[in-house]
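First up is the structure itself, then whatever we jot down about it.
Values quoted throughout were computed directly from the atomic coordinates according to the rules given, and no laboratory measurement underlies them. Treat the numbers as computed from the prediction; the structure is a model and nothing was measured. Note that we place each Cβ from the backbone using ideal geometry, even for glycine, and neighbour counts take in every protein chain shown.
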Amino acid sequence: MDDIKQRTQAQFGATAANYVSSGTFSKGEDLHRLFEVVQPQPDWRVLDIATGGGHTAGLFAPHVQQVIATDLTEPMLVAARIHLQNTLGDNGGQLDYARTDAEHLPFPNDTFDLVTCRLAAHHFPNVPGFMAECARVARPGGIVAIVDMLSPSDEKVAKYINAMDVLRDPSHVWAYSLAEWKRFFAGAGLKMEHAEVGDNPQNLADWARRMGCDGPTTMRLRVMLTQAPDSVQAWWKIRLPIAGSGEEIQFFIQQAVMVGRK
């Protein structure tokens, strides 16, 4: 597990700026749906785990009492701080930062009204342990809200999709199915009150560039998308361009907005 976390720090330390500027992370429909479903209140204390570019923390900060943005990777945390200082200025409220391990949170029990984690849990070696920590630091009646990419229940399709993700990003561990996520919530003692699945549109060039993939790796990803079995093409809705058109491969990563209450 330590090796996985070291890979995560190395990978995201080198690509932190890409995640701050990425439209997928800064403008994704899931981000706005998360806010709409949760309906934050002015007196809330919020913990944002694996904040990445700080987009979730930045969305909630002007509307609550306090947000603590955390990340395992120091350069990512620095990039998030700079980004939020530049975009929010004095409108960010009480926005604090802490370097933390998502599976070992350094906060007391029953502290936060809302715990969020967006598009990061597929990097965690121990998701049940992470969810237990989220539940521990949430106050009674508090909310744990997770957004993450999904794999289908079909094991062969899940393995193919996750293999592509590992090739693109060696710190990727596993994307779980919605049924597995429901078990994670229940196992942590959280009642899932909301779950919705949507498509996150991607094109191959941007998807690979965001993780700093070199030419040969991008070509291997192109081949895997082009030659993907029908079941994989159906799950990611892969759209192959007409030969010679100069267009890029398009596909849609399925992801879920999931909200549970302690």
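Between the range 215-253 and the range 106-158, how far is it from one alpha carbon centroid to the other, in angstrom?
30 Å
Using only the alpha-carbon atoms, how far is helix 127-137 inclined from the longest principal axis of the chain? Give it as 0 to 90 degrees, nearest 10.
With both axes taken from Cα atoms, the answer is about 20 degrees.
Pick from ARG136, ARG220, ARG81: which is most flexible by mean-square fluctuation in a GNM of the chain where alpha carbon atoms under 10 Å apart are linked?
Looking only at ARG136, ARG220, ARG81, the largest GNM fluctuation is found for ARG220.
Residues of the range 35-55 with backbone nitrogen within less than 16 Å of a virtual label 7 Å along the Cα-to-Cβ line of GLN65, please, listed as ranges.
Within reach of a label on GLN65, which here means backbone N under 16 Å from a point 7 Å along Cα→Cβ, the range 35-55 contributes 40-48.
With 10 angstrom as the radius, rank SER177, SER245 by how many other C-beta atoms surround their C-beta, starting from the fewest.
SER245, SER177
Given springs between every Cα pair under 10 Å in a Gaussian network model of the chain, which of GLY129, GLY212, GLY244 has the largest fluctuation?
Sorting by GNM fluctuation, first place goes to GLY244.
Using a simple charge model, +1 on the beta-carbon of Lys and Arg, -1 on the beta-carbon of Asp and Glu, nothing else, what dipole does the range 134-211 show about its Cα centre, in debye to the nearest 20?
The calculated dipole for the range 134-211 is roughly 300 debye.
On C-alpha positions alone, give me the angle between the axis of helix 74-88 and the longest principal axis of the chain, in degrees, nearest 10.
With both axes taken from Cα atoms, the answer is about 70 degrees.
Give me GLU103, GLU155, GLU248 ranked fewest to most by other Cβ atoms within 10 Å of their Cβ, as a rough exposure proxy.
Neighbour counts put them in this order, fewest first: GLU155, GLU248, GLU103.
Identify, among MET211, TRP181, SER245, the residue whose Cα sits farthest towards the positive end of the charge dipole of the range 165-262, taking +1 on the Cβ of Lys and Arg and -1 on the Cβ of Asp and Glu, with the dipole about the Cα centre.
Working it through, the farthest residue towards the positive pole turns out to be TRP181.
Could you tell me how many degrees, from 0 to 90 and to the nearest 10, lie between the Cα long axis of helix 215-226 and the main elongation axis, the longest principal axis, of the Cα atoms of the chain?
In the chain, helix 215-226 runs at an angle near 80 degrees to the longest axis.
What are the aspartates and glutamates whose alpha-carbon lies under 14 Å from the alpha-carbon of LYS182, with same-chain residues fewer than 8 places away excluded?
ASP148, GLU193, GLU196
So what are the radius of gyration and Dmax for the Cα set of the chain, in Å?
In Å, with Rg to one decimal and Dmax whole: 18.0, 58.
Can you compute the charge dipole magnitude of the chain about its Cα centre, using +1 on each Lys and Arg Cβ and -1 on each Asp and Glu Cβ, nothing else charged? Give it in debye, rounded to the nearest 20.
Rounded to the nearest 20 debye, it is 220 debye.
Placing +1 at every Lys and Arg Cβ and -1 at every Asp and Glu Cβ, with all other atoms neutral, what dipole size does the range 65-132 have around its Cα centre, in debye to the nearest 20?
Using only the charged Cβ atoms, the result is roughly 180 debye.
Given springs between every Cα pair under 10 Å in a Gaussian network model of the chain, which of THR87, THR218, THR70 has the largest fluctuation?
THR87
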